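Notes follow the structure.
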Amino acid sequence: LEHFWRRNSTLATAAALVARKQYGLSPDLAYTYTLFHDAAIPLIMKRFPEYQSCLTTCHQEGRMLAEAEAAQFPCTHPVVGSLLTRNWGLPRAIGQAIRFHHDKEAYSIPESTLPATALSLIAVTQVAEHLLTEIQDEVDIEVGDFLFNKATEHLGLSVDDLDRLQEAIRELLLETA
């Protein structure tokens, strides 16, 4: 759990950094969303003891976590996480973003279902998470190339922008180490 929250905190800071480079997206909202976007994972892990095995397999095989959850469990962390946000009184946009953050169709869902703010929260977090995973030389079980490409397209980020963001996140890691 300590590792989980430490990584989520680092990721939230990185997402806020990405959000600062975007027009009209609150870095504080991005930080809050990212901090809680995977908050259901520890709860599911507690409810289903075999969940840890699922996580391990995903890391070993490079399998996407949300797909493995859907195949093995009666719930996924995005669905449970979106329900938690209601109980915690978090803004509606955070709950909507959590619900759809692994959905491959998220970038084509109508605004009436997934507002632009929620979609932008998803995008900045996916960019930050993908870059952080690359920097730390980890296996990406959360975003994958498809969603990363959709996120960069949504945010209008160029290769140079991504390089600058990756360097800024690298510096952030050095500061917090």
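Only one of A128, A68 is in a helix (DSSP H, G or I), within 20 Å of R7 (Cα to Cα), of a type in the set (G, A, S) and open to solvent by less than 50 Å² (accessible area, probe 1.4 Å). Can you tell me which? I'd like the intermediate steps shown before the answer.
Working: A68 fails: within 20 Å of R7 (Cα to Cα).
Every option except A128 fails the conditions.
In region 32-57, what residues are within 16 Å of the chain's Cα centre (by Cα) and open to solvent by less than 20 Å² (accessible area, probe 1.4 Å)?
Y33, T34, H37, D38, A39, A40, I41
Looking at region 139-153 only, could you name the residues that are surrounded by fewer than 20 Cβ atoms within 10 Å (Cβ to Cβ) and free of Cβ contacts under 8 Å to residues at least 60 places away in the same chain?
Within region 139-153, D145, F146, N149, T152, E153 qualify.
Of the conditions (1) of a type outside the set (D, E, K, R); (2) part of a helix (DSSP H, G or I); (3) buried (at least 18 other Cβ atoms within 10 Å of the Cβ), L25 satisfies every one except a single condition; which number is it?
(2)
Out of region 90-104, which residues are in contact with a Ser or Thr (Cβ under 7 Å, 6 or more places away or on another chain) and open to solvent by 50 Å² or more (accessible area, probe 1.4 Å)?
Scanning region 90-104 gives a single hit, R99.
Pull up region 114-137, narrow it to residues that are among the aliphatic types (A, V, I, L, M) and touching a Ser or Thr at 6+ places or on another chain (Cβ under 9 Å), then point me to the one that is farthest from P78 (Cα to Cα). Full working, then the answer.
Keep residues of region 114-137 that are among the aliphatic types (A, V, I, L, M), which gives 114, 116, 118-119, 121-124, 127-128, 131-132, 135.
Keeping just the survivors that are touching a Ser or Thr at 6+ places or on another chain (Cβ under 9 Å) gives 121, 123-124, 127-128, 132.
Numbers: L121: 14, A123: 15, V124: 17, V127: 18, A128: 18, L132: 20 Å.
This residue is L132.
Which one of E142, E138 is touching an Asp or Glu at 6+ places or on another chain (Cβ under 8 Å) and outside any helix (DSSP H, G or I)? First the steps, then the outcome.
Numbers: E138 fails: touching an Asp or Glu at 6+ places or on another chain (Cβ under 8 Å).
Only one candidate passes the filter, namely E142.
State all residues of region 35-79 that are within 27 Å of L17 (Cα to Cα) and aliphatic (A, V, I, L, M); if no residue qualifies, say none.
Once the filter is applied, which keeps residues that are within 27 Å of L17 (Cα to Cα) and aliphatic (A, V, I, L, M), region 35-79 yields L35, A39, A40, I41, M64, L65, A66, V79.
Suppose the filter is open to solvent by 40 Å² or more (accessible area, probe 1.4 Å) and modelled with pLDDT under 95; does Y107 pass it? I'd like the intermediate steps shown before the answer.
Values: open to solvent by 40 Å² or more (accessible area, probe 1.4 Å): yes; modelled with pLDDT under 95: no.
Taking the combined requirement at face value, the residue does not satisfy it.
The values are calculated or read from the model by the stated rules, or taken from the named source; none is laboratory data. Note that the coordinates shown come from a computational prediction; the quantities given were computed from them, not determined experimentally. Reconstructed Cβ throughout: ideal geometry from the backbone, glycine too, with neighbour counts over all protein chains shown. Surface areas here come from the heavy atoms of the whole protein model, side chains and all, with no ligands, DNA or RNA. Shrake-Rupley method; radii C 1.70, N 1.55, O 1.52, S 1.80 Å.
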